[in-house]
Structures are given as structure tokens and as C-alpha cells.
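Remarks on the structure that follows.
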Amino acid sequence: MNKFYAAGAMLALSSSVVAAEGNSTSNNPLAAFNPAFSVIFDGMYYSDNVKGEGAALLEDADSAFHSHGGHEEHGHGDLKRGFNLNETELTMSGSVDSYFDAWLSAAISSDGDFELEEAWVRSQSLPAGLQVKAGRFLSAIGYHNEKHPHSWNFADQNLAYLSLFGDHGVSGDGLQLTWLAPTDSYLQLGLEILQGDNLERAGSVIDAEHVAEDISAELGVDVTAEDLNLAEQDGPQLGIFTLRYAPDLGARRALQLGLSAARHQDSQAFHEEEGGELFVTEGDTDVYGAQAVYKHFPTGQYGKGGWSLTGEYFYADSDQEAVFHSEADELGLPVTSEQGAAYVEATYGFAPRWQFGLRTAASGIGGEFSEGDETEEVRLSRQHSAALTWYATEFSKLRLQFNRNDVHGHDGNKEYNQVFLQYNLSLGAHGAHSF
Amino acid sequence: MTLQSTTLRVRGLLIAALCAASFSAHADLRILACEPEWGQLATEIGGDLVTVKTASAPGQDAHHIQARPSLLAQVRRADMVLCTGAGLETGWLPVLLNRGGNPDVRQAPGLFMAAEQVDRLEIPVTLDRADGDVHAMGNPHVHMDPRRVITISQQLAERFATLDPDHADRYRQQQQAWQAALEPRVDAWEKQAASLKGLKVISYHRTWAYLLDWLEMTRVDELEPKPGLPPTPGHLASLVDKAGKEQVGLILYQPINGDKAPNWLASRTAACAVELPFSPGEEGTDTLTSLYDTLIQRLTHALQACEGGKA
């Protein structure tokens, strides 16, 4: 029941926001007395030519970073053919006082499950271009990661992110410190310290109880969570460093370049081999990323003549050791996983309110998975997408998207198509969009 | 000259140079103006005491500027952010102020909203997004009326004086000089525009509310069916009738609107389409003064030509 009370309280607040807006006499854009509130409605008609398995096949694309067991699968993979109600997102934001501003976003799934996606406060009074964010937030790693789904140019998560970070990207509970340099060009350095207990792919951890049960069942002996010899997940495990640079190219175009590096110091994985060997590994995972974004701003009205080009590349590398093995003499077996992922997307506002987008993404680039001296290559999967988006206003859009996927999974290679017809509407406050 | 006196003199020069360096670093007020009209006004009032950067280019639609990273870098070092306000920059200014890492410009005196300084037109009675892109605080395009801009310039000079008290008098003097030069021009423009008084027009967007208010012209309708939505065939067709009934004389549009819809309507009615600049910096209008000059000229010429040509 709690979730309904929470949703009700948020909606009640929203009506007071509407009333307050009308009485407002101040023009300070930050000075609305009540928080800005909005609800994002998102739904789609979906189809593919693999019996509705299209999204699951993408999630299971060959990867050195499969997390076996432990985490509940996220609801996003279950796109079914026909009508899908995607997450309904509630957001509230505003100034707390002169020292802090705050942001909250929560998603209600089509089943009515309420999930707190972000809840953070950020300092607004530190000197020298410093800002601190605390709470749960989307990491500033890469470029696309911080974007909320309603500001994506495509209906689905790109395959590169999906393969390394999962559908939701990198987020977590912790602290972020950023420093903006006092220069004419934009130079921002950021450092994040996160608990790192909710990553879906690179840097994921396992649920020891759950895995111990699986192992007990498989081996027919009693194995407890303690027998897995995993280190205590005690304190923050994930550190992320980001650098963003943008030269001043005037009012008609913009370029932003960025680098990221992340280390998860206690990643874990559960492996089930075909010969019946079962083992659990633990170690650290590093992720490196580079990104470039170029935007040419519209020359006409309603987005006409604007175009953009975005590219990101990530490389992840995990060095782990078997801390539990069904063959006792294999304890300490070194297991390494490494692979790259990349996507490039382009958009063009070819007419007022109309945008055409192309995207190509790949996972498993140069991927390798090795146990001891045995090495297996990860096979490449690819995704090509085209999307046509009609922006009725800033608050609502309709999108038709086509994906051509070439996915290597457990059962070999599959080439197939996906089609999305999506609506995405924002009810409430006029959100300001970051670059 | 003894060695000691040389050392003293060198030291004196060094101190003087250091003082000058730190002085000039503080003498400049760094201003980030959201739109060219306010950048222009800041330059007129601040003269060489201010360094002005402008977030949007002349002719760009200020509703839809992106919070690009280089603007964050400008906010970071700004002493003042100078914008229209009244909701015009809702889509991007909050990002700049929240992520610029500069507490001084998040509120007054470091934040100056020009439209806040004057009476605004078209403050809606009801607020509903179904009515299009309406601004709760009224029409924000106040720089189209030089009388309002004069009021704003006085407030701006006072704000500069608050932020840089050492030069308070100079800001006030520069403002007075600018006002003294503009006021006779305003009288002259009003005489020149006498023929426009009472003229009925259709405008593309609600861009010209303050110009029409100043010159006592009347807007009958807009080409946009609702603010922020492009013209539709149905709406345009209804305007053909309306323009005839109401005896509309001119159809006003900006270069960014494109001339398609205005010309379509002009070809079916007695009215003539006229393209008008909106911001200083657009072709032949480097200052606010030349902007008003161009506006009046274009309007009066268009009306003459229209009455001659279509009658």
C-alpha cells in the first residue's frame, strides 16, 4: 500500500504547484516556492520477428560480463509484442534553501511497483566552482548515462550501454564532487564515490545467499554463503573519475569531449561451466570511457536545421580469482573478463518539429573471457537503428523506430528486426534540459 | 643614483604594477546576457567597465537555446547574469544557474531579469498548457518598447552601481547620457509612425506586443494557432476571412519564421507581409537605436507600399 500513499502525496503536491505558479510575482526562474513536479508518460506498441524475444536476446548477447544468479532481472527486458506501458516517471525538483537544491525521481512500473530511481541533494553555495551532490543519482560517467529516458533520441537503451551497464545505466548511492574551472572553455572534473552494489554488468556483485542455495542444489551438499569466502561488501566499492571539456564555439554550435575512468574494487561473479564445474570469483573491475558530442543548433523554428553527432566508447576489464570452486584444487583460479562497447548516433531536424535519427551500436568489441590459461573470445553483436520523431510540443512526442539486430547469444547468431511506436509525454513543470 | 634608491624605485614600480593588475581585474564586471538586446544595453550603460558575453545569437529563438557547456563556463566567472525573465528562458537558464557553480548569480543582485523591471502585457487569467506556450508572468518580449527599455536601463545602472560601487557614478552618468540621446529619438519615431496608429495587424508569434503597444497598433490574431505551434492550413484559412473583416493592413514576421505562411496569407488578402528584425545584430541593426529605427522604417514603408500597390 505504501507506494500508493507516496504517489498520492506527490500528486497532491503537484496541485499546489499549479496554484502557486499563478500567484508568482517573482521572475527568478529558481524561485518557485514549491518544487517543480512532473509526470512522464511513456508507452509503446512493439513488435519483432523473433516471437517477442527481441529485447531478451539483446540482454543475453554474448558478453564477458554476464552476471549469473544473484540479481533479479529488471523489468525492462520483457518488452512484449503489442502494447507496452513503460515506466511512468514522477519527478520533483527545486531549491531546498539558499544552500541546497534537490531532485527526486521515482518510476512506477506497469505492474504498479514503485522504485526510487534518484533522490539527491546538491550544494549551491560552495565557492571556487565546487559542487557536491549526495544521495542516489545517475553517474556522470560517459555522456548518455546521465540522460533520463524521456530525453533519449531513441525508444530503447543502446546496445553498448546495455552490454556494460544494463538498461538503467550506472547509478548508485554516494557522493559526487565536481569542480568547474574558471576558464573561458568549459572544463569540469568530477569524482564520485558510490556504494556500487547495484551494477548490472561490469562491476556487478552477487547475492551470496541465493548463489549458495543454487550451488547446494546442484552439488547436493550443503554450501552456505560463508563457504563462498567472499569479502564483506563493507563501505563504498565504486570510484568514478570524469573529465569534460568544451571549447567556446559561439552560439550556433557546441562540442563536448569527455573521458571517464571507474574502478569497482570488489566485483563478484558466479560461473556455471558446461562440465558441471561451479565457481565464484571476486576481484576488481575497471571501466574506461571516451566520448564526443557535437551539436549544430537549429537555424529555423521548432528544431528545423539542427543536427547532432554523438559517439561513445567504453572498455571494461575485470580481474577476479576463484574464492569458491567445486573442484577444491582450482581455488585461486584467475578469471579475467574484458570487452569494449561503442555507439554512434546522429540526429537531424529535417523539418519543423520532425527529427530523424540513426544509431549504430556494438557490444563485445575485442571481448575475451579467460579462466586460468583457457581463453574464450566474446563474439560481437551489432544493432542498427533508425528513428523518426515528431515533437508536437516540448511536452509531447511520438516516435517510430526500427532496429536491425545481429546478436550472438547462447544459441548462436540471430538476425532480426524490432519496431517501436512510442509516445512520451510530460505533464507538469517545464523541465530545463542539460546539454 | 645609489643602488638603494634604484631598488626602492623598482620595488615601488612593482607594487604599482601589482595594484594596477589587481585593480583592472576588479574593474571589469563580467556580464553574461541571455539575449543580444540585453548584451547591447549592458554595453551602452557599462561602457568599458563591463565585459559582455551573449548566450544567444541575433535571430535565434530565445525559448529554445541549449544550456551548452561553454555557457556554464561563462556563468562560473560572471558577476551578473542578465536575462529577459518572465519565463522566456525556462528551458535552459535554470540548468545554467544550477550547474554553473557560482552562488553569486543565482539571485539578485547578481541575477537581473529585465522584464521584471517593467509592467508586462498579456498576463494570462488562466493557465493551461492546452493554450500553448503561454508565459504565466506575461509576454516577455519587453525590449520592443523603448520607453520600457529606458526604465530597465535605469534599474540596470543602479544594479551595476551595487555590484561595483567604486564606479557607481560613472554607471549613472553613462545611463543618463544614453537616455538623453534616446529620448528625442523616441519622440521622432512616434511622429514618424503616426500613420501606423490604429493599424490592425496579424503577427506570426506574439513577438511584437510591446511594439504595437508603443505605436498604438492593434493585433487581430497570430499566424500561430497557439503560441509555440506552427501555422496550420485550417488556421490560416480562417485568417483569410478575419483579415478581410477586420481590415488588417500588415502581417508581421521574423526571418526565423520563414516567409511561407505570411506570403500565403498576404496573397489572399489586402494585407502585406513585412519581415521585421527582432534583436540588435540582425542585418543593419547593431544597436537598440538602429533596431527601433529599422522597425519604424520597415513598417511605414510597407504600409505605404501596400496602400499604393494593392489599392
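The values are calculated or read from the model by the stated rules, or taken from the named source; none is laboratory data. In this text, all values refer to a predicted model and were calculated from it rather than measured experimentally. Heads up, the Cβs are rebuilt from the backbone with ideal geometry, glycines too, and the neighbour counts pull from every protein chain shown.
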Of the criteria (1) away from every other protein chain (no Cβ under 14 Å); (2) of a type in the set (S, T, N, Q); (3) without any contact (Cβ under 8 Å) to a residue 24 or more places away in the chain, which one A:Thr393 fails: (1)
Subset of the stretch B:270-296 [buried (at least 19 other Cβ atoms within 10 Å of the Cβ), more than 30 Å from B:Ala33 (Cα to Cα) and touching a Lys or Arg at 6+ places or on another chain (Cβ under 9 Å)]: B:Ala271, B:Cys272
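Matching residues to (1) out of contact with any Lys or Arg (no Cβ under 6 Å at 6 or more places or on another chain); (2) farther than 30 Å from B:Asn102 by Cβ; (3) among the hydroxyl-bearing types (Ser, Thr, Tyr):
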residue: A:Ser109; (1), (2), (3): yes, yes, yes
residue: A:Ala128; (1), (2), (3): yes, no, no
residue: A:Ala134; (1), (2), (3): yes, no, no
residue: A:Ile141; (1), (2), (3): yes, no, no
residue: A:His150; (1), (2), (3): yes, no, no
residue: A:Ser185; (1), (2), (3): yes, no, yes
residue: A:Leu194; (1), (2), (3): yes, no, no
residue: A:Asn198; (1), (2), (3): yes, yes, no
residue: A:Asp207; (1), (2), (3): yes, yes, no
Search result, residues across the stretch A:257-314 that are among the polar types (S, T, N, Q) and either closer than 21 Å to A:Glu209 by Cα or away from every other protein chain (no Cβ under 14 Å) (or both): A:Ser260, A:Gln265, A:Ser267, A:Gln268, A:Thr281, A:Thr285
Inter-residue pairs, beta-carbon under 8 Å, first in a strand (DSSP E or B) and hydroxyl-bearing (Ser, Thr, Tyr) and in the stretch B:17-41, second surrounded by 15 or more Cβ atoms within 10 Å (Cβ to Cβ) and modelled with pLDDT of 50 or more, 6+ apart: none
Odd one out for B:Gln155, checked against (1) more than 9 Å from chain A (Cβ to nearest Cβ); (2) over 13 Å from the mean Cα position of the chain (by Cα); (3) within 30 Å of A:Tyr186 (Cα to Cα): (3)
Residue that is more than 19 Å from B:Val81 (Cα to Cα) and either at pLDDT 95 or above or not in a helix (DSSP H, G or I) (or both), where the choices are B:Ala136, B:Ala157: B:Ala136
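Every residue, every condition in (1) aromatic (Phe, Trp, Tyr); (2) buried (at least 16 other Cβ atoms within 10 Å of the Cβ); (3) within 14 Å of chain B (Cβ to nearest Cβ), yes or no:
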| site | (1), (2), (3) |
| --- | --- |
| A:Leu331 | no, no, no |
| A:Tyr348 | yes, yes, no |
| A:Gly367 | no, yes, no |
| A:Ser381 | no, yes, no |
| A:His384 | no, no, no |
| A:His410 | no, no, no |
| A:Asn417 | no, no, no |
| A:Phe420 | yes, yes, no |
| A:Asn424 | no, yes, no |
Wholly within the stretch A:327-435, strands (runs of 3 or more DSSP E) carrying at least 2 residues that are touching a Leu at 6+ places or on another chain (Cβ under 7 Å) and more than 24 Å from A:Leu259 (Cα to Cα): A:354-371, A:381-393, A:396-409, A:412-428
Residue satisfying condition, being away from every other protein chain (no Cβ under 13 Å), at pLDDT 95 or above, in contact with a helix residue (DSSP H, G or I) (Cβ under 9 Å, 6 or more places away or on another chain) and buried (at least 17 other Cβ atoms within 10 Å of the Cβ), within set A:Leu138, A:Leu162: A:Leu138
Residues of the stretch B:52-69 that turn out to be buried (at least 24 other Cβ atoms within 10 Å of the Cβ) and more than 23 Å from B:Ile152 (Cα to Cα), as a count: 3
Residue list for the stretch A:216-233, restricted to those being at pLDDT 85 or above and either within 14 Å of another protein chain (Cβ to nearest Cβ) or crowded, with 16+ Cβ neighbours inside 10 Å (or both): A:Leu230
Looking only at the stretch B:107-121, and only at residues there that are out of contact with any Ser or Thr (no Cβ under 8 Å at 6 or more places or on another chain) and crowded, with 19+ Cβ neighbours inside 10 Å, the one that is nearest to the other protein chains (Cβ to nearest Cβ): B:Leu111
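Within the stretch B:122-130, can one find any residue that is closer than 30 Å to A:Gln176 by Cβ, surrounded by fewer than 21 Cβ atoms within 10 Å (Cβ to Cβ) and within 11 Å of chain A (Cβ to nearest Cβ)?
no
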Matching residues, the stretch B:51-92, being part of a helix (DSSP H, G or I), polar (S, T, N, Q) and either in contact (Cβ under 8 Å) with a residue 12 or more places away in the chain or more than 7 Å from every other protein chain (Cβ to nearest Cβ) (or both): B:Gln74
Only one of A:Asp173, A:Asp222 that is out of contact with any Ser or Thr (no Cβ under 8 Å at 6 or more places or on another chain) and not β-branched (Val, Ile, Thr): A:Asp173
Identity of the residue in the stretch A:386-396, buried (at least 17 other Cβ atoms within 10 Å of the Cβ) and at pLDDT 95 or above, that ends up nearest to B:Asp133 (Cα to Cα): A:Thr389
Test: residue in the stretch A:202-213 that is outside any loop (DSSP other than H, G, I, E, B), within 13 Å of the chain's Cα centre (by Cα) and either under 22 Å from A:Ala262 (Cβ atoms) or modelled with pLDDT of 95 or more (or both): no
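Residues are listed down the side, and each one gets a yes or a no for (1) of a type outside the set (S, T, N, Q); (2) buried (at least 22 other Cβ atoms within 10 Å of the Cβ); (3) within 14 Å of chain B (Cβ to nearest Cβ); (4) within 14 Å of the chain's Cα centre (by Cα):
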position: A:Asp101; (1), (2), (3), (4): yes, yes, yes, no
position: A:Leu104; (1), (2), (3), (4): yes, no, no, no
position: A:Pro127; (1), (2), (3), (4): yes, no, yes, no
position: A:Asn158; (1), (2), (3), (4): no, yes, no, yes
position: A:Gly174; (1), (2), (3), (4): yes, yes, no, no
